[in-house]
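These notes are about the structure you will find just below.
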Amino acid sequence: MVKYTSYKGVNGLLFNDSPEKAIEIFGEPNDQLTDSSGNLVFTYKNMTISFDKNKRFFYFALHPKTAAKINDVLNGWTLKDIKPIIALDSNPQESSGFIILRDLGVALVDFNTSEDEDIHNKTIVFFRNGELKKSHAEKPFKF
């Protein structure tokens, strides 16, 4: 099970840790690449871990059906299941297919679609403090 603590890290991998620390905790990745922004990306079966140009951990994407606790609250993969996590944020926002929970350092991708049972495109993203800039297109999220 993946355990995330807001703005701290995942399973002992702390934001700003090195790729070597990620390998120590999660093992060798299935694949690694450099994205178009120059970030190092490790891919695993159920997750993706990204490191900035300075090789510091800043982004973690959890793939569908992976069990996780977010600040000790168990996640699910439908909007109904994820409501307890959304409720932890004082000002959830919605923008371009994301529900953004800045209090938690979490972005929920494709959870605001009407096809709630189709989880294949859904992703839960944990991000380092200051990584996700506020967009002018954001609006308050309502259930």
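The values are calculated or read from the model by the stated rules, or taken from the named source; none is laboratory data. Predicted model only: the values in this text are computed from it and were never measured. Positions of Cβ are generated from backbone atoms using ideal geometry, with glycine treated the same way; all protein chains shown enter the neighbour counts.
Restricting attention to segment 25-59 and to residues that are hydroxyl-bearing (Ser, Thr, Tyr) and under 19 Å from residue 11 (Cα atoms), the residue that is nearest to the chain's Cα centre (by Cα) turns out to be 59.
Go through segment 21-32 residue by residue and tally those that are surrounded by 12 or more Cβ atoms within 10 Å (Cβ to Cβ) and part of a strand (DSSP E or B). Going through segment 21-32 one residue at a time, the tally reaches 1. Number of residues in segment 1-55 that are over 24 Å from residue 122 (Cβ atoms), in contact with a helix residue (DSSP H, G or I) (Cβ under 9 Å, 6 or more places away or on another chain) and touching a residue at least 60 places away in the same chain (Cβ under 8 Å): the value is 0.
Residues to consider are 45, 53, 122; find the one that is among the basic types (Lys, Arg) and closer than 22 Å to residue 141 by Cβ. The unique qualifying residue is 122.
Might you check whether a residue that is of a type in the set (Phe, Trp, Tyr), part of a loop (DSSP other than H, G, I, E, B) and modelled with pLDDT of 95 or more occurs anywhere in segment 62-84? No; the residues of segment 62-84 include none that is of a type in the set (Phe, Trp, Tyr), part of a loop (DSSP other than H, G, I, E, B) and modelled with pLDDT of 95 or more. Among the residues of segment 33-52, the one identified as part of a strand (DSSP E or B), of a type outside the set (Ser, Thr, Tyr) and surrounded by fewer than 15 Cβ atoms within 10 Å (Cβ to Cβ) is 33.
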